[in-house]
Each structure stands twice: as structure tokens, then as C-alpha cells.
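Data first, discussion second: the structure below is written as C-alpha cells.
The numbers here are math on the coordinates, done by the rules we state, and not lab data. Just so it is clear, the model here is predicted, and its values are computed rather than measured. Positions of Cβ are generated from backbone atoms using ideal geometry, with glycine treated the same way; all protein chains shown enter the neighbour counts.
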């Protein structure tokens, strides 16, 4: 009799990613090398997952979701159809995306899914909710429990319900303090940032 665990291990090695024996991966998915999928996680059909991603326990990824490289998905996260994430995105424990503005159990609105895009390096805190149709800028930082109801600019720090912007964050995750000339330094990396016309950019 063939050892099913051995077969699964061999298939995983051939695909260059790891999936725990309790994980479910539906047909048509593309999963990059070095990605790890842990206990009781369900990757549904036709998802595209990049290299070196990590999925914790009890994660649900709905059909056609697209995730870049090095995306970290913590326990109990729901990523619904219409969501795309760029490289290096962090999705905190139990955060959730939505994809319908006005859901009703008795009304089928699958053709009304609204899209949400999360930019490179953005972090979304534990138990945050991203209401569909609103994009998260690169390196933005969404505080724990925040409810995002509008677009979030690059490098913005937003907190609360409904969320409001309270500052700006560096690419290393530190709050930026700008001087009278609109210049700030990240205390960890030494990177220099400029605040100009209501937006932040890193000076090369």
C-alpha cells in the first residue's frame, strides 16, 4: 500500500513549496517556490501565489486572488476574490477583506465584487477590516482593529473605526517626524523621506 504522506511529500518537493497535510489547495492554483501553507488553510481555485509566502493556520484565500512574493498571512485571515497584494505585504492575525458593499444572503452579487489592491510593503494589523473598493498604498501601515473605508496613501499610518490618518511610516515601520523643511529620517535604517504636497516619498 502506498504511503499517502510520502506521496504528498514528494509532490510538494516537486512543486518547490510546502503544504501541511491538513491544507487544501484547489485546482488551477499557481504557487511559488519556498511558499509555506500551514494547518487547515484553504487556497481556492485559480489563485496566483508568489515565492516565499507564508500562510498561517485557518486562512481562507478565495478564487482568483493574486499575491506577490514574500507575502506573510497570519492565522485566521480571509482574503476574498478581488484582492491583489504586491510583494512584501503583511496581513495580521484575523484581519479581513470584503468584496461586496451591500451583501444580502438572498441576493447573488458575485458579478458586483469590488477590487482592493494592497501596495508593496504595506502592513495591515490584527483584526483590521478593509472595506472593498479601497486601495492601500505602498508601505502604508493599518493599525490593529482599524476599519478602512477609503483609499490609503503610500506610507500613511491609519487607525480607528472608521480609520483616519494620524501620521506617516518609514519602510522599516517607524513613525516619521518631519522637520520644518518636510524632511524626516527613519531611526532604524537612516533612510530619508520628504513630505511634499500632502504625500511622502523616499529620497533616493
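Some observations on this one:
- Taking other Cβ atoms within 10 Å as a rough exposure proxy, 120, 109, 104 sort from fewest to most as 104, 109, 120.
- When the chain is treated as a GNM with alpha-carbon contacts under 10 Å, the residue of 91, 176, 67 showing the greatest mean-square fluctuation is 176.
- Ranking of 85, 29 by neighbouring Cβ atoms within 10 Å, starting from the fewest: 29, 85.
- Within a Gaussian network of the chain (alpha carbon springs, distance under 10 Å), most fluctuating of 105, 189, 62: 105
- Beta bridges by DSSP in the chain, antiparallel share as percent, to the nearest 5: 25 percent
- Residue 203 paired with residue 117, simple spin-label distance in nm, labels 7 Å along Cα-to-beta-carbon: 2.9 nm
- Panel order for 83, 159, by other beta carbons found within 10 Å of each beta carbon, from fewest to most: 159, 83.
- Computed FRET value (nearest 0.05) for residue 185 with residue 30, which takes r as the C-beta separation and R₀ as 35 Å: 0.30
- For the residues 50, 28, 82, a GNM of the chain with alpha-carbon springs under 10 Å puts the largest fluctuation on 28.
- For the chain, averaging the sequence separation of C-alpha pairs within contact (under 8 Å, six or more residues apart) and dividing by the residue count gives a relative contact order of 9 percent.
- Distance in nm between pseudo-label sites at residue 144 and residue 177 (7 Å out along the Cβ direction from Cα): 2.4 nm
- Inter-part distance where the range 143-178 and the range 11-70 are each reduced to a Cα centre, Å: 29 Å
- Calculated FRET value between residue 166 and residue 16, using beta carbons and R₀ = 41 Å, to 0.05: 0.50
- The chain: Rg to Rh, with Rh as the Kirkwood radius over Cα pairs: 1.04
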